[in-house]
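The values are calculated or read from the model by the stated rules, or taken from the named source; none is laboratory data. The structure presented is a predicted model; accordingly, all values stated were derived computationally and were not measured. Glycine gets a Cβ as well: all are built from the backbone with ideal geometry, and neighbour counts include every protein chain shown.
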Amino acid sequence: MVKAMVKIGVLRYPGTNNEIETIKALRSMNAEAILIPHFEAEKIYEMDGIYIAGGFSYGDYLRPGAVVKTTETADKLKEHVSAGKPVLGVCNGFQILVELNLLPGALVKNTSTRFISKWVNTKIVAKKGFLSNLFSEILYLPIAHYSGRFYIDDEGLNRIITNKQVVLQYSNNKGEISSESNPNGSISNIAGVTNEKGNVVGMMPHPERSYQSFHRSNHGGKIIQAFLEEAKC
Amino acid sequence: MLNDKERTLLVKKLGREPTAEEEAMVEVMWSEHISYKSSKRHFHLFYKDDPSVYLGIGEGAGLVEISDDYLIGLALESHNHPSAIDPFNGAATGVGGIIRDIISQGCHPIALLDSIRFGPIEENHSRFLFEQVVQGIANYGNSVGVPTVGGEIEFDRSYTDNCLVNVMCVGLVRKSEVVRSIARSPGDYFVLFGSTTGRDGIHGVTFASDDLADQSSEERGSVQIGDPLTEKILIDVIEELNKNKLIDGMQDLGGGGLTCAVSEMCERGGTGCEIELNKIPLREKSMRAWEILISESQERMIITVKPEKLERVIKIIEKHEIPFSIIGKVTDTKNFVAKYNDNIVVNIPIEVLVNGFIEPERNIIPVNELLLDRQQPVVINPNGSILKEFEEHLKNPNISSKRWIYQQYDHTVQARTSGEPGPGAAILHLENGEKISLSLTSIPYQVYLDPFNGAANSAMDAIRSIVATGAKPIALVDNLNFGNPEKSDAYTEFVESIKGIAQVTNDFKIPVVGGNVSLYNETITKEKQRKKILPTPVIGAVGLISKDKEPLKQFFRKSGSLLLMIGPLPENLEGSEFLRNKDIMTGKPPKYNPEIERRSMKLLLELFNKEILLSANDIGKGGLLKTLVKMSLESNKGIEFHNSLKLLYSPVFWFAEGPGRYILEIEEENMGLIKELSENHDVSFTIIGKTISEGSWHINELNVNIATLFQWFEENIPSWMEA
């Protein structure tokens with residue numbers, strides 16, 4: 001079956017540093033991955049999906065992800081989202097989506113006040129959006145962040161639970177969700193959320209570091225595949 | 001400051017008094033840190049000219065061939081003095097500097113390893129330095145997006161006033177994209193870009209070429225401040241320029257700043273330069289010409305560009321929104337000429353700057369004289385039960401788990417690593433299917449007791465660690481941290497250590513492709529006593545794993561498999577970390593033994609190629625116990641020790657360190673083949689026991705739960721640091 005390859009834009013701001021492996025991972029899954037530096041924002045219009053790669057955009061000045069609001073990419077991303085096209089934001093990409101109000105909540109300093117780099121178990125709890133096909137899967141994924149603690153007030157938490165916007169939670173290897181399996185103090189062990197429509201997903205774990213046979217696990221590949229499927233529609 | 005002899009020489013060479021600017025430049029260029037005037041004379045001892053070496057010692061990074069298309073870049077450098085004064089920024093800029101050495105040659109930086117040393121963890125100040133250094137490395141490396149994949153840490157009282165921070169960076173480059181640090185063609189432009197230039201780091205190198213004095217706190221101005229955001233942008237800019245073939249030559253501005261970068265580039269090209277100091281973007285007002293010339297502000301690169309390419313270069317740099325300036329031209333005068341406010345303030349031959357220094361006389365003493373007190377016989381008072389010794393050994397922070405450290409370093413970014421650092425050498429998977437294995441280590445205690453053998457054993461420790469992953473060693477880098485070279489004991493330790501490393505490189509034909517020398521790591525105490533560090537030659541080793549093979553794991557893969565120790569059991573405990581931890585500062589460490597090392601290495605690699613090893617790990621610093629604990633904990637499997645082993649209660653069995661030893665995990669059915677091959681290779685082996693699914697070690701009638709081992713091994717460093 002000959003089909004045009006799905007076009008995914010990988011955003012790179014000054015200080016973004018996960019763009020190369022993200023492009024590599026997307027290409028390995030037959031996507032046409034295109035680097036979009038912050039000074040080529042208009043390219044966003046041509047994309048089927050956007051992957052906001054991790055790193056330290058603008059050096060985390062002010063707050064992680066905050067400076068992106070002032071760039072040309074902000075409005076273009078919002079138009080992309082309004083058109084119903086998918087966005088996956090990983091780590092700093094998640095922080096950016098929250099700062100742009102494309103996702104609910106906030107990402108604050110880990111309770112340990114230290115950078116945390118390790119492999120953790122997570123459970124897909126998505127009942128809507130492009131991860132819902134993976135519902136109840138337990139995925140072993142790497143995290144690497146300083147400000148990865150998801151926070152939202154009680155009202156907001158109730159709302160995102162009612163709206164089924166929680167998509168990923170830190171768990172143990174049996175999928176049980178408890179404080180022992182919470183690496184950074186995130187409220188309700190939340191590792192990833194989606195918007196009301198389900199086309200924008202943000203998560204702290206790094207799927208693009210977990211898809212090859214030599215990686216400690218290749219579970220991240222499932223998340224990227226699900227994102228690509230959505231972008232094809 | 002130049003001494004009288006140096007100043008007289010300078011006046012003679014110039015035929016006039018130097019200008020203030022020239023004097024400041026010469027002072028920097030003739031410093032130990034830049035000129036290597038006490039050390040360079042010994043580098044000929046190293047094995048260097050291997051056919052695989054694409055670029056050897058001399059520029060930012062060494063380049064070694066790993067395939068028809070690709071080279072890896074290697075660089076290792078110390079940031080000891082800055083880290084002692086301002087540990088966060090000192091360590092952070094150490095990381096930044098070594099990354100720029102790698103990108104100077106056109107490489108993409110793909111890994112960092114750190115070797116760090118402090119005074120005892122029980123001391124508040126040591127913990128402060130440790131905490132801050134780890135934060136500095138984490139902050140910079142994580143922000144730039146280069147994974148920190150390995151390294152080592154040691155606590156010893158000799159480092160209380162002189163901590164060591166050595167950082168290694170590894171890069172990857174296609175042969176067609178290599179850049180050299182050479183200003184080749186007169187008429188080319190010098191383009192400076194990156195951060196602006198300020199007063200930070202002025203005289204950083206002269207400060208690193210002296211003892212740390214009591215006024216240290218006033219020297220904080222000599223420590224640079226790092227900005228990883230700018231560094232990442234530099235990487236983006238350089239890769240775009242390089243892909244478009246727009247760079248003719250490139251060097252980073254490190255120690256000695258603009259002066260050093262430009263004069264070294266011109267020296268290599270046989271050219272000169274004309275620099276307009278007013279064109280350099282400054283971050284501070286009213287900087288003087290000499291300050292601009294030697295400032296060590298971080299995150300600055302200089303490139304030479306052909307006139308016809310200048311416009312495209314500017315366009316790309318402007319797009320990335322970082323400061324830049326066309327600061328001058330390459331000339332054919334072979335002189336460094338600098339203008340400031342339309343006056344020529346510098347006009348000095350490049351040759352004088354780069355090679356004009358006086359090689360100082362340095363004295364050595366006979367080795368037996370140096371070691372007379374150090375090699376006195378050792379008296380050991382047993383601590384009681386072997387389990388008590390296990391506990392003490394595993395809680396020794398030089399042995400115990402480094403998880404607290406590496407969980408603060410992003411080790412998965414770039415997606416080239418497989419797991420977590422910990423049980424063995426780091427492994428990176430590269431674009432072309434190649435895999436490289438990396439380690440960084442030193443055994444200073446052994447070097448102190450016997451510099452030649454200790455340094456050779458340090459190199460072997462690094463090499464064994466990569467061999468245990470199935471890698472063939474292909475290159476070494478070294479960072480030689482020693483005391484004051486003007487003192488004969490420190491200089492003798494230094495020279496003997498170089499000889500030891502050189503012997504290994506020649507015996508195994510593993511080329512040395514780069515490194516760094518850090519001398520003057522000593523202080524004068526209030527009682528006017530010299531206090532110098534243990535001589536610390538840190539060795540970085542790189543190995544290549546064949547394309548068609550999976551790297552060996554360094555932890556147990558199965559239950560019911562046999563554990564073999566290959567290589568001879570050492571005769572005694574002398575030179576072991578076990579004794580250092582008991583404050584025993586005498587003894588004769590094991591002799592470097594190339595034959596035993598070679599045979600074990602060959603056997604292991606042959607078994608690896610025949611795919612009959614389940615896992616392997618080397619036995620190095622910390623002895624057998626440490627190796628088995630790492631293998632066991634990582635896999636959550638226990639060990640049934642072989643009952644007939646007579647040595648199960650002997651400290652030598654568990655803690656001694658010696659040449660050519662590895663633990664191999666094999667299927668029992670392969671025992672016949674192993675016997676045959678080990679006879680062919682003339683390697684002795686001992687069956688240690690069997691792996692078991694149960695989480696405990698059975699040592700005759702002793703049962704040790706691995707949860708207990710875990711507690712001893714894992715909890716000491718966090719309990720100090722999170723208290």
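Cβ-Cβ contacts under 7 Å between residues 6 or more apart (or on different chains), taken from a first residue in the range B:1-21 that is farther than 25 Å from B:K339 by Cβ to a second residue that is assigned to a helix (DSSP H, G or I) and of a type outside the set (F, W, Y), are listed as B:M1/B:E27.
Per the conditions (1) within 14 Å of another protein chain (Cβ to nearest Cβ); (2) surrounded by 17 or more Cβ atoms within 10 Å (Cβ to Cβ); (3) of a type in the set (K, R), the sole criterion not satisfied by B:K319 is (2). Put simply, of A:L35, A:L26, A:L11 the only residue that is within 14 Å of chain B (Cβ to nearest Cβ), closer than 23 Å to A:K222 by Cα and surrounded by fewer than 19 Cβ atoms within 10 Å (Cβ to Cβ) is A:L35.
Residues in the range B:318-354 that are part of a helix (DSSP H, G or I) and within 17 Å of B:L258 (Cα to Cα): B:I350, B:E351, B:V352, B:L353, B:V354.
Each residue in the range A:141-168 was checked for being within 14 Å of chain B (Cβ to nearest Cβ) and more than 30 Å from A:G59 (Cβ to Cβ), and 0 pass. When every residue of the range A:213-220 is checked against the conditions, none turns out to be outside any loop (DSSP other than H, G, I, E, B) and more than 14 Å from chain B (Cβ to nearest Cβ). Residue count for the range B:468-523 under the criterion of being within 20 Å of B:H79 (Cα to Cα), more than 19 Å from the chain's Cα centre (by Cα) and hydrophobic (A, V, I, L, M, F, W, C): the result is 1. Residues of the range A:113-152 that are over 19 Å from A:E196 (Cβ atoms) and among the hydrophobic types (A, V, I, L, M, F, W, C): A:F115, A:I116, A:W119, A:V120, A:L134, A:I138, A:L139, A:L141, A:I143, A:A144. Hey, any hits in the range B:170-178 for a residue that's away from every other protein chain (no Cβ under 14 Å), within 26 Å of B:S297 (Cα to Cα), crowded, with 21+ Cβ neighbours inside 10 Å and within 20 Å of the chain's Cα centre (by Cα)? Yes, the range B:170-178 contains at least one residue that is away from every other protein chain (no Cβ under 14 Å), within 26 Å of B:S297 (Cα to Cα), crowded, with 21+ Cβ neighbours inside 10 Å and within 20 Å of the chain's Cα centre (by Cα). Elements of the type strands (runs of 3 or more DSSP E) sitting completely within the range B:413-495 and holding at least 2 residues that are within 14 Å of chain A (Cβ to nearest Cβ): these cover B:426-429, B:435-441. The single residue among A:S181, A:S210, A:S132, A:S171 that is in contact (Cβ under 8 Å) with a residue 12 or more places away in the chain, closer than 30 Å to A:S28 by Cβ and within 14 Å of another protein chain (Cβ to nearest Cβ) turns out to be A:S210. Which members of the range A:5-38 meet the condition of being hydrophobic (A, V, I, L, M, F, W, C), part of a strand (DSSP E or B) and touching a residue at least 60 places away in the same chain (Cβ under 8 Å)? Passing the criteria: A:I8, A:L11. Being assigned to a helix (DSSP H, G or I) and among the acidic types (D, E), is that true of even one residue in the range B:283-300? Yes, that holds for at least one residue.
Picking from residues in the range A:114-129 that are more than 24 Å from B:V146 (Cβ to Cβ) and aliphatic (A, V, I, L, M), the one that is nearest to the other protein chains (Cβ to nearest Cβ) is A:I124. For the range B:360-412, the set of residues classified as hydroxyl-bearing (S, T, Y) and either on the phi > 0 side of the Ramachandran plot or in contact (Cβ under 8 Å) with a residue 40 or more places away in the chain (or both) consists of B:S400, B:S401, B:Y406, B:Y409, B:T412, listed by residue number.
Against the criterion of being in a strand (DSSP E or B) and either within 14 Å of chain A (Cβ to nearest Cβ) or hydroxyl-bearing (S, T, Y) (or both), B:T304 qualifies. Scanning the range B:144-158 turns up no residue that is at pLDDT below 95, surrounded by fewer than 24 Cβ atoms within 10 Å (Cβ to Cβ) and under 16 Å from B:P87 (Cα atoms).
Check off (1) at pLDDT 95 or above; (2) under 25 Å from B:I348 (Cα atoms); (3) not hydrophobic (A, V, I, L, M, F, W, C) for B:E65 and give me the number that stays unchecked. B:E65 satisfies all of (1) at pLDDT 95 or above; (2) under 25 Å from B:I348 (Cα atoms); (3) not hydrophobic (A, V, I, L, M, F, W, C) except (2).
Of the residues in the range B:159-169, how many are hydrophobic (A, V, I, L, M, F, W, C) and surrounded by fewer than 22 Cβ atoms within 10 Å (Cβ to Cβ)?
Of the residues in that region, 0 qualify.
Can you tell me how many residues in the range B:588-623 are over 26 Å from B:T505 (Cα atoms) and buried (at least 16 other Cβ atoms within 10 Å of the Cβ)? So the answer is 4.
Note on the range A:184-207: residues that are touching a residue at least 40 places away in the same chain (Cβ under 8 Å), assigned to a loop (DSSP other than H, G, I, E, B) and within 22 Å of B:Q408 (Cβ to Cβ) amount to 5.
Residue-by-condition table, conditions (1) over 30 Å from the mean Cα position of the chain (by Cα); (2) in a loop (DSSP other than H, G, I, E, B); (3) of a type outside the set (G, A, S); (4) modelled with pLDDT under 95:
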{"site": "B:M631", "(1), (2), (3), (4)": "no, no, yes, no"}
{"site": "B:Y649", "(1), (2), (3), (4)": "yes, yes, yes, yes"}
{"site": "B:E657", "(1), (2), (3), (4)": "no, yes, yes, no"}
{"site": "B:E669", "(1), (2), (3), (4)": "yes, no, yes, no"}
{"site": "B:V683", "(1), (2), (3), (4)": "yes, yes, yes, no"}
{"site": "B:T686", "(1), (2), (3), (4)": "yes, no, yes, yes"}
{"site": "B:T691", "(1), (2), (3), (4)": "yes, no, yes, no"}
{"site": "B:T708", "(1), (2), (3), (4)": "yes, no, yes, no"}
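Selection of strands (runs of 3 or more DSSP E) fully inside the range B:526-600 by the criterion of at least 3 residues being modelled with pLDDT of 95 or more and closer than 22 Å to B:E669 by Cα returns B:562-566. Within the range B:359-408, the set of residues being assigned to a loop (DSSP other than H, G, I, E, B) and within 14 Å of chain A (Cβ to nearest Cβ) comprises B:S401, B:K402, B:Q407, B:Q408.
When the residues of the range A:57-113 are filtered to those that are surrounded by fewer than 23 Cβ atoms within 10 Å (Cβ to Cβ), under 15 Å from the mean Cα position of the chain (by Cα) and among the small types (G, A, S), the one that is nearest to the other protein chains (Cβ to nearest Cβ) is A:A106.
Please find, among B:G96, B:G73, the residue that is of a type outside the set (A, V, I, L, M, F, W, C) and either within 14 Å of another protein chain (Cβ to nearest Cβ) or part of a loop (DSSP other than H, G, I, E, B) (or both).
Of B:G96, B:G73, the one residue that is of a type outside the set (A, V, I, L, M, F, W, C) and either within 14 Å of another protein chain (Cβ to nearest Cβ) or part of a loop (DSSP other than H, G, I, E, B) (or both) is B:G96.
Taken over the range B:687-723, the criterion of being among the hydroxyl-bearing types (S, T, Y) and either more than 14 Å from B:H393 (Cβ to Cβ) or in contact (Cβ under 8 Å) with a residue 60 or more places away in the chain (or both) is satisfied by B:T691, B:S693, B:S696, B:S719.
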